[in-house]
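Below is one structure, written out as structure tokens; comments come after it.
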Amino acid sequence: MKYEIPELKKLVYEMRIPMRWGDMDAMGHVNNTLYFRYLETVRIEWMRSIGCQPDPAGEGPVIVNAFCNFYKQLVYPGDVLVKMYASDPQRTTFETWGTMERADEPGVIYAAGGATTIWVNFPLQKAAALPDWMKAQVSL
């Protein structure tokens, strides 16, 4: 099953991540699991940059699903440019999307993925209303 990245989305963060030789698998390309790691890294750095630090005694974001579409194989050496987008704030959730390209091949998408994030009250282990400041971050 292939998930489509929406055209209407807001660029919220981007970063370069160096590929490591050890990221490659026996087939000579970056292992598929690392693409999820790249998406996680940019998502965490974006959240950290906006002051969104999960508080185990309070509230914060939790990923409830994730996906990745693979278009081309990433091969070491090089840097991956990961662009993080957000959209669709709802009462308790929002969507994030990421594209991955080689920094030395701007505009050529090697993979794209996304995740649904839910805002959670950790002590109650229940969904909580998305705070207004976070809605503003992910709204178009």
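The values are calculated or read from the model by the stated rules, or taken from the named source; none is laboratory data. Keep in mind the model is a prediction, meaning the values are calculated, not measured. Cβ: placed from backbone, ideal geometry, glycine included. Neighbour counts: every protein chain shown.
On inspection, residue 71 does not qualify as surrounded by 17 or more Cβ atoms within 10 Å (Cβ to Cβ), modelled with pLDDT of 95 or more and at negative phi. Starting from region 28-53, take each residue that is closer than 19 Å to residue 135 by Cβ and list its partners that are of a type outside the set (Ser, Thr, Tyr) and surrounded by 15 or more Cβ atoms within 10 Å (Cβ to Cβ), counting only C-beta distances under 6 angstrom and pairs at least six apart or across chains. Here the result reads 46/12; 46/84; 50/137, each pair linking region 28-53 to a residue that is of a type outside the set (Ser, Thr, Tyr) and surrounded by 15 or more Cβ atoms within 10 Å (Cβ to Cβ).
The condition (being on the phi < 0 side of the Ramachandran plot, out of contact with any strand residue (DSSP E or B) (no Cβ under 9 Å at 6 or more places or on another chain) and of a type in the set (A, V, I, L, M, F, W, C)) is satisfied by just one residue among 26, 112: 26. The set of residues from region 36-69 being touching a Pro at 6+ places or on another chain (Cβ under 9 Å) and over 14 Å from residue 96 (Cβ atoms) comprises 54, 56, 57, 58, 59, 60. Scanning region 74-86 for residues that are out of contact with any helix residue (DSSP H, G or I) (no Cβ under 6 Å at 6 or more places or on another chain), at negative phi and not β-branched (Val, Ile, Thr) yields 74, 77, 79, 81, 83, 85. Does any residue of region 44-52 turn out to be charged (D, E, K, R), buried (at least 17 other Cβ atoms within 10 Å of the Cβ) and part of a helix (DSSP H, G or I)? There is no residue in region 44-52 that is charged (D, E, K, R), buried (at least 17 other Cβ atoms within 10 Å of the Cβ) and part of a helix (DSSP H, G or I). So which residues in region 10-43 are of a type in the set (A, V, I, L, M, F, W, C) and buried (at least 16 other Cβ atoms within 10 Å of the Cβ), if there are any at all? Passing the criteria: 12, 15, 17, 19, 24, 30, 34, 36, 39, 42.
Identify, please: which residue in region 90-131 is of a type in the set (Gly, Ala, Ser) and not in a strand (DSSP E or B) and is, among those, nearest to residue 35 (Cα to Cα)?
103
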